Amino acid sequence: MTDAGLGFLKGMGHRQGAWSLASELVGTELAAWFGLETLEFSVITVAPENELPMYGTAGNVHPGAAFISKKIQGAALDGNDVFLSRLTRPGDVARLVVFDTWIMNGDRCAPPGSLTPPNRDNVMFSPRGRRRYSLVAFDHTHCFAEGDLWDEVSNPALVETDGIYGLFPEFQPYIKREFVLEAVRRLDRLDRETVETIVNAVPKAWGITTGTANAWIDLIHRRARFVVEVVPNLLLAQQELRV
């Protein structure tokens, strides 16, 4: 509980490592820049006297910088188009797919052939008036690398990682050419300075060094260029074969 209502807090000390908090922060900031709706969030400090039990473990959240996002009313993707057909912005479906492919988010829906099962709980629909919904992008702890981000971020091969991410089967009818191209045009406007501002805001307590930050900035920016050039043709060709 906070003075702004209930929130979900992710702090240091969990098995995924502090790099996952950095991924959450940067992923959320990039999603907001990209035009997707995100949860309100903040980086706060957990004081030593704040004994906050960590879900799924016998210990407490470690003191220091933590990521907290605001709880909102919403429902998860249900495997059909009940929510999808009532979106206020249907173009957000294609935008989310392009975004997940950009940041290589295998924790929502990994590319075909992956051993990671789709996670529909990571797609949220929030009510917007009578029987209308908005798509909310959240939970970005598993982006950019399959393992420890700090170990893998300098790998140049990540830039041209193959596959379309985030493409749930029920998303297929909503991947329209105009929406894909609109998302790609937005991504094409990404400049390195924007990425630098976002990455350099990651708390040092989460283990990011200057060298790691520079490698991550380079990966994010170069990956965007790759997606702009390659992914639209792959995604649209895939859709047109289904017609």
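Below is a table of values for the structure above.
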{"quantity": "Residue within region 214-222 that is basic (Lys, Arg) and exposed (fewer than 14 other Cβ atoms within 10 Å of the Cβ) present", "calculated": "no"}
{"quantity": "Residue list for region 91-130, filter: over 17 Å from Glu170 (Cβ atoms), part of a helix (DSSP H, G or I), touching a Ser or Thr at 6+ places or on another chain (Cβ under 9 Å) and not β-branched (Val, Ile, Thr)", "calculated": "Gly106, Asp107"}
{"quantity": "Condition broken by Asn200, with the remaining ones in (1) touching a residue at least 24 places away in the same chain (Cβ under 8 Å); (2) within 19 Å of Glu29 (Cα to Cα) satisfied", "calculated": "(1)"}
{"quantity": "Selection from region 14-60 of residues that are surrounded by 17 or more Cβ atoms within 10 Å (Cβ to Cβ) and among the small types (Gly, Ala, Ser)", "calculated": "Gly17, Ala18, Ser20, Ala22, Ser23, Gly27, Ala31"}
{"quantity": "Leu236 vs. criteria in contact with a helix residue (DSSP H, G or I) (Cβ under 8 Å, 6 or more places away or on another chain) and at pLDDT below 95", "calculated": "yes"}
{"quantity": "Ala22 vs. criteria free of Cβ contacts under 8 Å to residues at least 12 places away in the same chain, under 27 Å from Ile198 (Cα atoms) and either touching an Asp or Glu at 6+ places or on another chain (Cβ under 6 Å) or outside any loop (DSSP other than H, G, I, E, B) (or both)", "calculated": "no"}
{"quantity": "Pair list, Cβ < 8 Å and 6+ apart or interchain, from region 126-137 residues that are over 22 Å from Arg108 (Cβ atoms) to residues that are assigned to a strand (DSSP E or B)", "calculated": "Arg132/Leu87"}
{"quantity": "Options Val97, Val153, Val159, Val180: the member that is crowded, with 19+ Cβ neighbours inside 10 Å, touching a residue at least 24 places away in the same chain (Cβ under 8 Å) and within 19 Å of Asp218 (Cα to Cα)", "calculated": "Val153"}
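The values are calculated or read from the model by the stated rules, or taken from the named source; none is laboratory data. Everything quoted here is computed from the prediction, not taken from an experiment. Cβ sites come from the backbone with ideal geometry, for glycine too, and all protein chains shown count toward neighbours.
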